[in-house]
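The values are calculated or read from the model by the stated rules, or taken from the named source; none is laboratory data. Remember, predicted model here, so these are calculated numbers, not experimental data. Cβ sites come from the backbone with ideal geometry, for glycine too, and all protein chains shown count toward neighbours. Calculation scope for accessible area: heavy atoms of the full protein, side chains included, ligands and nucleic acids excluded. Shrake-Rupley method; radii C 1.70, N 1.55, O 1.52, S 1.80 Å.
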Amino acid sequence: MSQSRFTWLPKLLSRLAKSRLALSECPDAPRPALAYGVQAEDWGRLPVYLQEQGCRFAGLWAEVRDGRLAVLACVEKQGDYLVFETEVPIAKPELGSWSPVYPGANRLERHARDLLGLVFLNSPDARRWTRHQAWGEDEHPLRKDFPAEGHGSAPTPADAGYPFERVEGEAVYEIPVGPVHAGIIEPGHFRFHALGETVLNLEARLGYVHKGIEKLAEGRDGAGLLRLAARVSGDSAVAHAWAAAQALERTSGAEVPERGLMLRALLAERERIANHLGDIGAICNDVGFSFAHMQFGRLRELWLRRNAALFGHRLLFDTLVPGGVARNLDKDGVLALLADCRALRKEVTSLFPVLRDSQSLRDRLMGAGVLAKDQAQRLGCLGFVARASGIDYDLRRDHGYAPYERLSLEHPLHQAGDVAARVLQRAEEIYASLGAIRQLLDRLPHGPIAVSLKPPEPGTRGLGLVDGWRGEILSYVRFGEGGRVSRYFPRDPSWFNWPALEVLIHGNIVPDFPVCNKSINGSYAGVDL
Amino acid sequence: MRRIFQKIYEIGIVTEPVARDAEYERLGRELKRRVDERFRGSLAIRQVDAGSCNACELEIQALNNPYYDLERFGLHFVASPRHADLLLATGPVSRHMEEALRRTHAAMPEPRWVIAAGDCAAGRGEFVCGYACAGAVSAVLPVDLEIPGCPPTPLQLLQGLLVLMNA
């Protein structure tokens with residue numbers, strides 16, 4: 001960690017002290033964050049000062065500790081991460097809500113309530129979120145008294161009685177969509193209120209693919225944790241596994257060898273390119289431009305085939321292991337990957353001008369689904385969604401984790417915030433990733449690709465922070481007896497990008513919803529957990 | 001427009017010819033023969049994600065890319081279960097999707113088939129036995145065939161479809 005880290009912290013601490021908000025520094029902070037304990041009664045007013053000092057909200061989760069419930073929240077400023085935590089008795093698990101200050105906290109608080117029974121007072125929206133009908137309001141799957149295997153095999157009814165927002169008025173009508181959608185995509189429910197063709201309000205209702213990942217993580221060893229992490233959101237297998245691996249390695253004090261780190265970054269950038277290629281094609285397809293869908297689908301397929309040939313899996317599942325990577329890359333592999341990069345650069349350079357100059361594509365994508373910078377900031381949007389709305393944050397540069405701090409990366413940025421800007425942003429990120437891959441392959445050092453880890457001590461914990469193709473992934477892992485996981489919480493960027501869809505769709509027409517949705521491409525699995 | 005045509009001309013048809021992925025092509029031809037026989041040349045598939053991590057969906061989507069081009073064998077994906085002959089279900093059946101999966105199946109006309117695609121759907125994945133999952137598609141619906149893989153590759157999916165047609 002460089003010397004210039006946390007330069008803003010003294011000012012924040014003195015601001016909090018002046019406001020009589022007592023803090024105690026936690027010696028066991030989940031590295032690389034610093035952590036502070038807060039009195040439960042101060043919890044609700046803490047975010048006011050954090051926001052005033054320019055801290056971005058980055059996550060909120062909870063865990064059971066010795067019969068009490070601990071709540072943790074993470075904020076970021078200038079690439080440094082701070083965790084605040086407090087405890088409440090399990091008999092009266094009440095504390096203030098962060099949602100009035102940080103709207104992005106809302107769904108995370110509701111998730112924590114559904115799974116652990118926390119009550120966030122004065123929350124502007126305290127409806128259930130992750131819970132449908134698989135367990136009761138008074139039951140909390142992440143508490144220790146809740147059986148991991150659940151309550152037997154009686155059929156679970158469909159969700160009912162969720163109090164959707166209502167829009168009333170003459171000629172206003174409602175369109176319910178999902179959970180089963182028309183295409184080959186993940187399930188979720190969207191509730192539209194429209195007037196003619198114009199969307200007045202959209203509300204997403206997710207949670208349909210809740211698999212209990214956080215509970216399933218309990219008791220796993222490091223290797224088991226990484227297998228699970230790779231399946232949090234199958235399109236981000238590398239990024240989620242890497243974040244979990246970082247948390248594990250920081251906890252057990254392991255140094256991943258340089259070659260292993262470079263190969264991880266190589267895999268992560270390949271994952272980014274594969275997703276960008278597929279989605280650019282799919283966005284064009286949503287407005288009927290099938291030429292691009294076929295061309296980008298072709299390029300994605302070639303990319304995935306190379307993954308299978310060199311890394312053993314088309315979507316790079318289980319390519320990361322604790323301490324490094326599973327598979328080495330030989331000289332022929334390096335040459336093949338370099339040739340791929342040259343070929344792809346040539347291909348996209350011939351394709352992007354076709355997209356840019358297509359009048360019908362411009363008509364449909366420009367000005368559609370505009371997310372203004374201040375809206376994106378308010379919601380805490382991440383990744384290409386934020387960067388297409390003028391928010392210049394990239395974890396690889398601003399937080400700077402190995403091996404990215406040694407690479408020179410391009411950082412494209414757009415301001416318009418519409419669907420077209422998100423497509424352009426992703427197009428330019430393909431070039432940036434190609435540049436990164438080139439540098440990684442040129443500098444790939446000799447040496448081992450992994451080290452063996454000693455199991456983390458009981459009670460230790462770490463954070464993983466990785467820039468996946470959707471943006472910042474934050475993963476918290478705490479270990480218990482025998483180096484087994486006692487808590488895993490992966491915060492996918494989709495927690496903050498999904499709410500953007502409800503905002504940017506306002507005033508657009510219903511038929512533009514698919515393309516607006518695809519331009520955000522939130523992960524359902526990644527937030528349903 | 002000129003550039004679009006130029007690109008199309010340059011790339012030509014990439015759909016797997018016999019020599020490049022003989023296995024896929026051979027399976028595909030056999031599949032087409034069976035679809036012609038039993039479904040008058042057209043088999044309609046309704047896909048349902050019942051708790052997948054989205055990897056299965058990405059690979060099922062890939063069946064429609066120009067390399068695999070599943071439709072040339074007479075198989076195509078439909079939006080409405082009322083139009084479907086085959087339910088292609090993925091995921092360990094999250095309890096929150098259980099009823100939606102049942103209703104989708106119930107909405108399909110007879111005769112109908114069910115494939116559980118992927119290790120999760122077949123009850124072998126990372127998510128079995130949790131409080132939030134039924135554990136496998138077969139715990140909820142009568143399953144005609146399971147396709148292994150995490151996720152199954154397009155080739156494995158095609159092989160599975162063929163096995164079902166031959167059953």
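Take the residues in the range B:141-151 that are surrounded by fewer than 24 Cβ atoms within 10 Å (Cβ to Cβ) and assigned to a loop (DSSP other than H, G, I, E, B), then tell me which one is nearest to the other protein chains (Cβ to nearest Cβ). Only one residue fits best here, namely B:Cys150. Among the candidates A:Arg220, A:Arg191, which residue alone is under 21 Å from A:Leu316 (Cβ atoms) and among the charged types (D, E, K, R)? Only one candidate passes the filter, namely A:Arg220. Within the range A:3-44, restricting attention to residues that are open to solvent by 80 Å² or more (accessible area, probe 1.4 Å) and not polar (S, T, N, Q), the residue that is nearest to A:Val466 (Cα to Cα) is A:Arg31. Applying the condition of being part of a strand (DSSP E or B) and among the aliphatic types (A, V, I, L, M) to the range A:86-122 and asking which residue is farthest from A:Asn497 (Cα to Cα) yields A:Val88.
Scanning the range B:99-123 for residues that are surrounded by fewer than 20 Cβ atoms within 10 Å (Cβ to Cβ), within 13 Å of chain A (Cβ to nearest Cβ), touching a residue at least 24 places away in the same chain (Cβ under 8 Å) and not small (Gly, Ala, Ser) turns up just one, B:Arg102. Only one of the listed residues (A:Gly161, A:Gly183, A:Gly136) is open to solvent by 40 Å² or more (accessible area, probe 1.4 Å) and either assigned to a loop (DSSP other than H, G, I, E, B) or facing chain B (nearest Cβ under 9 Å) (or both). That residue is A:Gly161. Hey, does the range A:230-241 have a residue that's assigned to a strand (DSSP E or B), basic (Lys, Arg) and in contact (Cβ under 8 Å) with a residue 12 or more places away in the chain? No, the range A:230-241 contains no residue that is assigned to a strand (DSSP E or B), basic (Lys, Arg) and in contact (Cβ under 8 Å) with a residue 12 or more places away in the chain.
Residue count for the range A:111-121 satisfying the condition of being open to solvent by 10 Å² or more (accessible area, probe 1.4 Å) and under 17 Å from the mean Cα position of the chain (by Cα): 0.
Restricting attention to the range A:298-329 and to residues that are assigned to a helix (DSSP H, G or I) and more than 9 Å from chain B (Cβ to nearest Cβ), the residue that is surrounded by the fewest Cβ atoms within 10 Å (Cβ to Cβ) turns out to be A:Ala309.
Only one of the numbered conditions (1) hydroxyl-bearing (Ser, Thr, Tyr); (2) assigned by TED's automatic domain parsing to the domain that holds A:Arg387; (3) open to solvent by less than 10 Å² (accessible area, probe 1.4 Å) is violated by A:Ser475, and that is (2). Kindly check whether there is at least one residue in the range A:282-291 that is open to solvent by 10 Å² or more (accessible area, probe 1.4 Å), out of contact with any Phe, Trp or Tyr (no Cβ under 9 Å at 6 or more places or on another chain) and of a type in the set (Val, Ile, Thr). Yes: the range A:282-291 contains one or more residues that are open to solvent by 10 Å² or more (accessible area, probe 1.4 Å), out of contact with any Phe, Trp or Tyr (no Cβ under 9 Å at 6 or more places or on another chain) and of a type in the set (Val, Ile, Thr). Quick one: is A:Ser494 open to solvent by 10 Å² or more (accessible area, probe 1.4 Å), under 30 Å from A:Ala217 (Cβ atoms) and touching a residue at least 40 places away in the same chain (Cβ under 8 Å)? Spelling it out, it is not the case that A:Ser494 is open to solvent by 10 Å² or more (accessible area, probe 1.4 Å), under 30 Å from A:Ala217 (Cβ atoms) and touching a residue at least 40 places away in the same chain (Cβ under 8 Å). Quick one: would you say B:Asp49 is among the charged types (D, E, K, R), open to solvent by less than 40 Å² (accessible area, probe 1.4 Å) and within 8 Å of another protein chain (Cβ to nearest Cβ)? The answer is yes for B:Asp49.
For the range A:230-251, a tally of residues being within 10 Å of chain B (Cβ to nearest Cβ) and within 20 Å of A:His111 (Cβ to Cβ) returns 5. Could you tell me whether any residue of the range A:197-209 is open to solvent by 10 Å² or more (accessible area, probe 1.4 Å), assigned to a loop (DSSP other than H, G, I, E, B), at pLDDT below 95 and farther than 20 Å from A:His132 by Cα? Yes, that holds for at least one residue.
Among the residues making up the range A:51-85, those that are touching a helix residue (DSSP H, G or I) at 6+ places or on another chain (Cβ under 8 Å) and in a loop (DSSP other than H, G, I, E, B) are A:Gln53, A:Cys55, A:Gln78, A:Gly79.
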